Amino acid sequence: MRVNSAKAKMLDGQPAFGYALAMGSPEMAELLGNSGIDFLLLDRQHGSWGEDSTITALAYLSNSPAVPMARVVTNSYAQIGRLLDEGMLGIVVPMVDTVEQAEAVAAACRFPPKGRRSWGWGRARVYGSDYPAWADAEVFVAVQLESIEAVQNAEAIMAVPGIDGCWVGPGDLALSMGIHPFRAREYDEHRRALEAVVTACRNTGTIPGIAGSTPDEGIEYAAMGFQFITAGSDIGFLSGAAAAGVAKLATSHTIGQES
């Protein structure tokens, strides 16, 4: 059995922090998986993950304390099932605006009678022969609320049986409100929408989550009441550290210019 320690932490009322992985690098997944972070989210929607690299990353994470999760491309029964069968212990589904869409997510993630996930699994066999006995309890299922329509329907969406939590996309939410994502923090109505999601989750006993880009944002969102929080990404850490290094080098030497 593989215990979903991130889910257990959230159910205990604590925030769980994760890093988003977009580079499609199993080696990066292995490195960050042993950093002490609670979970890793392989981004199959916007990232560069393919089938083979996803399976390799899961294998590399077998001895990692970080819980492997993935965001699917779209609300697809087939895509969700494949990632669960390979051993993902968390699924995030983008652009869920209605109860019906949330019901489809829950059905794809849960075995009958709770849902209609197909009986059978592939690489998830590494978790043991008892996998089907505990999978429904340990897999964390989150829908993305990333439009003003989703916020307005949030309480009804989060009340759908089989949905454990959400993961707000603050950028897409801002766009749906006519706000440029880079300026979202300037608008009180955007913050009120985030607060409305937290309230909806509290009212339904589910986990409020959000996509953060940095550890500082992660801390800020946790203070707002969010619990399922990404607090950085492989691309962000690598490019940020590289740029900081160049800036430091430039204080004493001229680099990046033709001699």
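We did not get these values from a lab; they are worked out from the coordinates using the rules stated. Just so it is clear, the structure is predicted and the values come from calculations on it, not from any experiment. Cβ sites come from the backbone with ideal geometry, for glycine too, and all protein chains shown count toward neighbours.
A few notes on this one:
- Sum of side-chain charges, GLY232 neighbourhood, beta-carbon under 10 Å (Lys, Arg +1; Asp, Glu -1): -3
- Here the calculated FRET efficiency for TYR187 and GLN152, from their Cβ-Cβ distance with R0 = 22 Å, stands at 0.85, rounded to the nearest 0.05.
- Fully extending the segment from SER129 to ALA250 would add 37.9 nm, taking 0.36 nm per residue of separation and subtracting the current Cα-Cα distance.
- The stretch 142-259: relative contact order as a whole-number percent, Cα under 8 Å and 6+ apart: 22
- Long-range Cα-Cα pairs in the stretch 1-60 (distance over 14 Å), rounded percent: 57
- Here the sum of -39500 (n - 2.57) over DSSP H runs of 4 or more residues, divided by the residues of the chain, equals -13000 deg cm²/dmol at 222 nm, to the nearest 500.
- Kirkwood radius, the chain, all distinct C-alpha pairs, inverse of mean reciprocal distance: 18.8 Å.
- Using C-alpha pairs under 8 Å with a sequence gap of at least 6, the mean separation divided by the residue count of the chain gives a relative contact order of 18 percent.
- Once you reduce the stretch 65-110 and the stretch 167-243 to the center of their Cα atoms, the two points are 20 Å from each other.
- Nearest-20 debye value, the chain charge dipole, Cβ charges on Lys, Arg, Asp, Glu: 460
- The chain: most fluctuating residue of ALA59, ALA133, ALA247 per GNM, C-alpha cutoff 10 Å: ALA247
- For the stretch 194-241, the Kirkwood hydrodynamic radius comes to 11.3 Å, computed from all pairs of different C-alpha atoms.
- Residue exposure sequence - TYR77, TYR19 - by fewest surrounding Cβ within 10 Å: TYR77, TYR19
- Whole-number D in µm² s⁻¹ for the stretch 158-211, Kirkwood Cα-pair radius fed into Stokes-Einstein, 37 °C, 0.692 mPa s: 282
- Principal axis analysis of the Cα atoms in the stretch 172-259 yields extents of 62, 26, 17 Å, listed in decreasing size.
- Segment ILE55-VAL73, length gained on full extension (0.36 nm per residue, minus Cα span): 4.9 nm
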